[in-house]
Amino acid sequence: MNLSSLNQARELKAKLDKAQKELSNTIVEASAGKGAVKVTMDGQQKLRSIQISPGVMDPAKPELLEELVTKAVNEAMAQSQKAAAKQLRGLTGGLKVPGLF
């Protein structure tokens with residue numbers, strides 16, 4: 001590996017590290033059930049919080065709450081992945097690098 005390639009690799013690593021830090025500060029929110037369940041996630045797909053409205057907690061219908069939580073988490077995950085792909089796309093020139101997104 002020549003010096004130029006080594007420098008390019010270091011520069012790419014520095015850019016990727018910066019992008020990962022920015023993604024950890026990127027926050028997405030999703031909700032289900034007209035806001036009854038709200039999920040907050042960062043750009044690294046880490047769940048930050050789940051807020052559940054007391055009115056949706058019906059012991060006789062736990063499947064409703066399960067469905068709303070699942071829907072909100074899946075939506076937040078999709079938004080987070082989209083944000084990560086957008087952030088990293090410029091660094092990889094559009095290539096899909098395994099493990100990045």
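Bear in mind these aren't lab numbers, they're just calculated from the coordinates by the rules spelled out. Since this is a predicted model, take the numbers as computed values, not measurements. We place every Cβ from the backbone using ideal geometry, glycine too, and count neighbours over all the protein chains shown.
Remarks
- Taken over segment 22-52, the residue count meeting the criterion of being among the basic types (K, R) and part of a loop (DSSP other than H, G, I, E, B) is 2.
- Pairs meeting the criteria (first residue in segment 3-28 and touching a residue at least 60 places away in the same chain (Cβ under 8 Å) and closer than 24 Å to I50 by Cβ, second residue part of a helix (DSSP H, G or I) and aliphatic (A, V, I, L, M), beta carbons under 9 Å, at least 6 apart or on different chains) are L23/A83; L23/A84; L23/L88; T26/A83; T26/A84.
- Single residue of A30, A36 found to be of a type in the set (A, V, I, L, M, F, W, C) and under 18 Å from the mean Cα position of the chain (by Cα): A30
- Check on E11, over 18 Å from R89 (Cα atoms) and either acidic (D, E) or part of a loop (DSSP other than H, G, I, E, B) (or both): no
- Selected residue (criterion: nearest to the chain's Cα centre (by Cα)) from residues of segment 46-84 that are under 13 Å from I27 (Cβ atoms) and surrounded by 16 or more Cβ atoms within 10 Å (Cβ to Cβ): S80
- Count of residues meeting criterion [aliphatic (A, V, I, L, M), out of contact with any strand residue (DSSP E or B) (no Cβ under 6 Å at 6 or more places or on another chain) and touching a residue at least 12 places away in the same chain (Cβ under 8 Å)] in segment 29-63: 3
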